[in-house]
Structures are given as C-alpha cells and as structure tokens.
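Mind looking over this structure? Questions follow.
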Amino acid sequence: METEALKERLSRLLLFHALDASVLDKFVRTAQEVHYSPDEILFEEGAPGDSLLLIVDGSVMVQKRVEGHEDLWKDLGVCEAGTTVGEMALVSHHPRSARVRAIGNVTVLRIWRRDFERFLAEDGASACTVLGGLLALQAARLRDSARQVVILYDALNVISAACDVASLAELVTDHLVRDLGGVYAAAFCLWSPYRDEADVLHAVGVVAEYVSLLAVPGNGPVATQLATERSPFVLDEFGPDHPLRHVFGMVARESVLVCPLPGNPGVTGFLLLAARERAFTAMDRIMVGALAGPVASAVKNLRFVEEERARSRLESARARASGDTRSRL
C-alpha cells in the first residue's frame, strides 16, 4: 500500500489522529505489512505481546479459551478495518490475553514494540499524544463492552419474564428496537407447527398491510438460506420490488439483520431487525446471535408449557363430559 494511503489510515485512528504528518511518517517507515488467509491466527492467547496490529483490510475475531477446554473458544468481539488489536502490548510486557483469528482475507500493519519504545524515547511530546490516545481507546472499548453487557443482561431478563410464546416475541422484539441503536423496525417469526410457513408472532415499525409477506414458505428461498446461514447475517441490497422493502417501508440506506433461531434440527424461526442510516456491525451480529440460543430455548419451553396446559384443559373437558353422561344414566 502507498505511503500516503497508510498515513491517511493511521491518521483516522483514535491512537494516532492527533499526530503530525512527520510523526506518522516514522510509523509508516517502521511498520510491516502482513497478509493473513481466512481462519489464520494472527496471534495466540498467551503469546508474547510484542507488537500492535492495525487492520488495513478485512476483519478479525477476538476469542478467549473457555477455561478447562483446550479447544473450545468463546467469541468476544470483532475488529474491522481501521481498528487496532494488541495495542496494550506497546505499554505492557504481559502475554496476549486473547486469540485473534482472521475472519476472511486480512491485511495488517504490524508495529513492533521495540520501534514504539524508540519513538517514545525520541519524541516526548508525540509520545504523550499517543499514550493519551491509547487511554482513550481503552476507555471507548470499556464503554462499548459495558453497553453490550447491559443490553444482553436486560434482554435475558425480558426472556425470563415471558409467560407464553406470544409475549416472548413482543418483549424481545420491542427490547431490541428500543436498545439497539438505530433500529427502527423488527419482526419475530417462527415456523408454524400447523402450516408449512412462518407465523409472524410480533412486528413493530412495519407497514401493516405488508406484514403477511413475512409468512414465508418453509421450503422457500428464505428457509433455504436460514438452513445454511446459522449465524446472523446482513442484507443491504434490495431491488425496488423486494418484499422487505415494502414490509419495512424502505426509502434509502436501510439494512436488515437476519438472525436465525436455532432448533433441533434446523432452525425454529428468525428475527428481522431493520436499521436506517447506520450499518449493522459485526458486534451487532455477535450480540444478537448471543440472544438467539436463549430465545430459541425459551420458545421450546414455552411451547411445551402451552401444550401441557392445552392437554390439561382437554382432559378436564373430557372428564366433565364423562361425568355429565354418567349422571344422565
């Protein structure tokens, strides 16, 4: 990548945005451009923290090993082009606290700690600027993490408060529209146990006359895509006659996040979230995906409870009918 393009990328980062062009020149000259293939590990948890990585193109997944399980990893978040990973290695000699894996093809700039320490020693004023940026970066990430924890915590409380599947659909949908910034509409759909299509249990912010378009067939293209895309995915290109354009009253710059609800086998349904003037991020997909499992489990449990209640009512009705018959005899 051209030097000027690299400087422009660096200048947009919170860590480096206040530095003079001459100082950015030093970083560009010392940085090493590295390319990674899909699923390749940029660095392992526990490895020496010897460098900062600036993601130039692509995105990476930050993962933490689940305690007691050598090969089980928990996704913590996604870092996309224009962000950094491993920046604490520049001021700390501690091992890496997490693993970073390439999601697709990834290009990074690597800045080694030894070069960073030399820069700190030679340019005190710029060093203070960079260290201030480092503190601001960590503060921003802590704020984002706290917000995500609050949203997930509140959502789990919402799930536990549902008394039936219909109320679950309403509570979850309304919660996501209220708390996930920029989302203006949503729908909660489950595959019907009685018809080969989806039931729309709850929708908010949609065009009422087009809600029936969400009752998609169980063997149609939507069901096929959901069967292969088990993780949340984003739709952001809609032709003029696309059904979702009518359902969500789209005008311009909308995107839709589709979250499959896992079942056994296949999927039990799906959530649709529509946003305007903002793109769904990889972290949005992770956060909504984290809710999919608990929501699907709640659907299964509530359906079982509803079936048991219906069975009990039927048995009571039969007992009353039998008693009435005997009394007449």
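Would you confirm whether or not region 100-121 contains a residue that is under 30 Å from Val299 (Cβ atoms) and within 21 Å of the chain's Cα centre (by Cα)? Explain how you work it out, then say what you get.
Initial filter on region 100-121 (under 30 Å from Val299 (Cβ atoms)): 103.
Remaining after also requiring within 21 Å of the chain's Cα centre (by Cα): 103.
Yes, because at least one residue in region 100-121 is under 30 Å from Val299 (Cβ atoms) and within 21 Å of the chain's Cα centre (by Cα).
Scan region 45-57 and report the pairs whose first residue is among the hydroxyl-bearing types (Ser, Thr, Tyr) and whose second residue is surrounded by fewer than 20 Cβ atoms within 10 Å (Cβ to Cβ), with Cβ atoms within less than 8 Å and a gap of 6+ or a chain change.
Every condition considered, the pairs that remain are Ser51/Arg110; Ser51/Trp112; Ser51/Arg113.
Still on this structure, I have one more. Restricting attention to region 60-73, does a residue exist that is of a type in the set (Asp, Glu) and either touching a helix residue (DSSP H, G or I) at 6+ places or on another chain (Cβ under 8 Å) or in contact (Cβ under 8 Å) with a residue 12 or more places away in the chain (or both)? Even if it seems obvious, please write down each step before you answer.
Of the residues in region 60-73, the ones of a type in the set (Asp, Glu) are 67, 70-71.
Narrowing the set further to residues that are either touching a helix residue (DSSP H, G or I) at 6+ places or on another chain (Cβ under 8 Å) or in contact (Cβ under 8 Å) with a residue 12 or more places away in the chain (or both) leaves none.
Scanning region 60-73, I find no residue that is of a type in the set (Asp, Glu) and either touching a helix residue (DSSP H, G or I) at 6+ places or on another chain (Cβ under 8 Å) or in contact (Cβ under 8 Å) with a residue 12 or more places away in the chain (or both), so the answer is no.
Residue by residue, here is whether (1) in contact with a helix residue (DSSP H, G or I) (Cβ under 9 Å, 6 or more places away or on another chain); (2) aliphatic (A, V, I, L, M); (3) not assigned by TED's automatic domain parsing to the domain that holds Leu273 holds:
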{"site": "Ala169", "(1), (2), (3)": "yes, yes, no"}
{"site": "Arg178", "(1), (2), (3)": "no, no, no"}
{"site": "Leu190", "(1), (2), (3)": "yes, yes, no"}
{"site": "Asp196", "(1), (2), (3)": "no, no, no"}
{"site": "Ser231", "(1), (2), (3)": "yes, no, no"}
{"site": "Leu235", "(1), (2), (3)": "yes, yes, no"}
{"site": "Asp241", "(1), (2), (3)": "no, no, no"}
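Look at Ser167 and say whether it is hydroxyl-bearing (Ser, Thr, Tyr), within 18 Å of the chain's Cα centre (by Cα) and under 27 Å from Ser297 (Cα atoms). Let's see the steps before the verdict.
Numbers: hydroxyl-bearing (Ser, Thr, Tyr): yes; within 18 Å of the chain's Cα centre (by Cα): no; under 27 Å from Ser297 (Cα atoms): yes.
No, not satisfied.
Related question: I'm checking my understanding of the structure. Among residues of region 16-52 that are in a strand (DSSP E or B) and either of a type in the set (A, V, I, L, M) or in contact with a helix residue (DSSP H, G or I) (Cβ under 7 Å, 6 or more places away or on another chain) (or both), which one is surrounded by the most Cβ atoms within 10 Å (Cβ to Cβ)?
First, the residues of region 16-52 that are in a strand (DSSP E or B): 32-36, 41-43, 51-52.
Okay, now just the ones that are also either of a type in the set (A, V, I, L, M) or in contact with a helix residue (DSSP H, G or I) (Cβ under 7 Å, 6 or more places away or on another chain) (or both), so 34, 41-42, 51-52.
Values: Val34: 14, Ile41: 14, Leu42: 23, Ser51: 23, Leu52: 25.
Among them, the one singled out is Leu52.
Out of curiosity, is Val288 closer than 22 Å to Asp174 by Cα, in a strand (DSSP E or B) and not aromatic (Phe, Trp, Tyr)?
Values: closer than 22 Å to Asp174 by Cα: yes; in a strand (DSSP E or B): no; not aromatic (Phe, Trp, Tyr): yes.
It is false that Val288 is closer than 22 Å to Asp174 by Cα, in a strand (DSSP E or B) and not aromatic (Phe, Trp, Tyr).
How about region 269-285: which of its residues are part of a strand (DSSP E or B) and buried (at least 22 other Cβ atoms within 10 Å of the Cβ)?
Let us first name the residues in region 269-285 that are part of a strand (DSSP E or B), namely 269-276.
Scanning region 269-285 gives Gly269, Phe270, Leu271, Leu272, Leu273, Ala274, Ala275.
Another one. Which residues, counting only those in region 135-155, are among the aliphatic types (A, V, I, L, M), touching a helix residue (DSSP H, G or I) at 6+ places or on another chain (Cβ under 7 Å) and at pLDDT 75 or above?
Step one: filter region 135-155 for residues among the aliphatic types (A, V, I, L, M), giving 135-137, 139-140, 142, 146, 149-152, 155.
Subsequent filtering for residues that are touching a helix residue (DSSP H, G or I) at 6+ places or on another chain (Cβ under 7 Å) retains 137, 151-152, 155.
Within region 135-155, Ile151, Leu152, Ala155 qualify.
It is to be established whether one or more residues within region 192-213 are within 18 Å of the chain's Cα centre (by Cα) and closer than 18 Å to Val299 by Cβ. Spell out the reasoning first.
Step one: list which residues in region 192-213 are within 18 Å of the chain's Cα centre (by Cα), which gives none.
So far as region 192-213 goes, no, none of its residues is within 18 Å of the chain's Cα centre (by Cα) and closer than 18 Å to Val299 by Cβ.
Which pairs do you get when a residue that is under 14 Å from Leu201 (Cα atoms), found in region 158-175, comes within reach of a residue that is of a type in the set (Lys, Arg) and modelled with pLDDT under 90, reach meaning Cβ atoms under 8 angstrom, with the pair 6+ apart or on two chains?
Val165/Arg303
Residue by residue through region 292-318, note down the ones that are of a type in the set (Ser, Thr, Tyr) and at pLDDT below 85. Spell out how you get there, then give the answer.
Taking region 292-318 and keeping what is of a type in the set (Ser, Thr, Tyr), we get 297, 312, 316.
Ser312, Ser316, listed by residue number.
For region 53-78, enumerate the residues that are among the hydrophobic types (A, V, I, L, M, F, W, C), in contact with a Leu (Cβ under 9 Å, 6 or more places away or on another chain) and surrounded by 14 or more Cβ atoms within 10 Å (Cβ to Cβ). So that I can check it myself, show each step before the final result.
Looking only at region 53-78, we keep the residues that are among the hydrophobic types (A, V, I, L, M, F, W, C), and these are 53-56, 60-62, 66, 72-73, 76, 78.
Now drop any that are not in contact with a Leu (Cβ under 9 Å, 6 or more places away or on another chain), which leaves 53-56, 60-62, 66.
The answer is Leu53, Leu54, Ile55, Val56, Val60, Met61, Val62.
While we're looking at this one, here's another question. So which residues in region 88-134 are among the acidic types (Asp, Glu), crowded, with 17+ Cβ neighbours inside 10 Å and modelled with pLDDT of 80 or more, if there are any at all? Spell out how you get there, then give the answer.
The first filter runs over region 88-134 and keeps only residues among the acidic types (Asp, Glu), leaving 115, 117, 122-123.
Okay, now just the ones that are also crowded, with 17+ Cβ neighbours inside 10 Å, so 115, 123.
Residue satisfying the conditions is Asp115 alone.
The values are calculated or read from the model by the stated rules, or taken from the named source; none is laboratory data. None of these values were measured; they are calculated from a predicted model. Virtual Cβ from ideal backbone geometry, glycine too; neighbours counted across all protein chains shown.
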